[in-house]
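Visitor: Can you keep this structure in mind? I'll have questions shortly.
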Amino acid sequence: AWKQAIAEASLISSNSPLYSEARRNINNWQANIEREEDQPFLDQAITLAGTRNYSEAIRAAEKIRPGRALYQQAQEKVALWRLEIQADNYLREAYDLADVGTPEALVKAINVAQQVSSATSAYSQTQQIINGWANQILDLAYTKASYSLEEAIAIAQMIPSGTISFSEAQSQIKNWQERLRPPVIERELPLREINLDKPRSRKLNQFEER
């Protein structure tokens, strides 16, 4: 019916006072046709994304061509699904780095994981993982403090700001730095100088006179 209506409205001449209204209706009807034709592609894409099959979801959504009524909506979905794929890649890389277990490796893992976009479904879980790795670094610093405060401080200083362990690490760093400071030795007051020109006592002077 929309196609038939478009065909009939297209017969209205540009000189007709109904021409502008006809064009608006034609555009609306054409958009309705495009939605009906492309909605199955978008529905399929959304279903695939729901199972985290983002690559196939993107392929389904990209069947909707530029200029079509649902194209912009489909592209917004595609952009989000690309971020989800990117987030999965970041997390895999971060886990591989964290497996080494050293403070330096954990810091690298955190730096990679922090690139996960807040728009993704993995973001909340990623923040928990980051905080877990930061806490591991702090545990390593506490272990090192039993025999080297300098190394413990260096490890604690690696903990990135924004993690739940950062505040505790900064407090502990100050504590360890205080313990490393040498004790303050009070300076002895100098003895008062004795003036030998003055008589030592009145009694001594009287004795000497005798």
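Visitor: How long is the gain from residue 56 to residue 85 if the chain were fully straight, where each residue apart is worth 0.36 nm and the alpha carbon distance is subtracted?
Guide: 9.3 nm
Visitor: Can you compute the modelled spin-label distance between residue 117 and residue 92, with each label point 7 Å from Cα toward Cβ, in nm?
Guide: Here the modelled spin labels are 1.9 nm apart.
Visitor: Let me ask you something else. Can you give the net charge of the other residues whose Cβ lies under 12 Å from the Cβ of residue 84, counting K and R as +1 and D and E as -1?
Guide: Charge balance near residue 84 sits at +2.
Visitor: May I ask for the net charge around residue 154, where only other residues with Cβ less than 14 Å from the Cβ of residue 154 are counted and Lys, Arg are +1 while Asp, Glu are -1? The partial results should precede the final answer.
Guide: Values: positive: 144; negative: 104, 150, 151.
For residues surrounding residue 154, the net value is -2.
We did not get these values from a lab; they are worked out from the coordinates using the rules stated. Note that this is a predicted model, so its numbers are computed, not measured. Note that each Cβ is placed from the backbone with ideal geometry, even for glycine, and that neighbours are counted across all protein chains shown.
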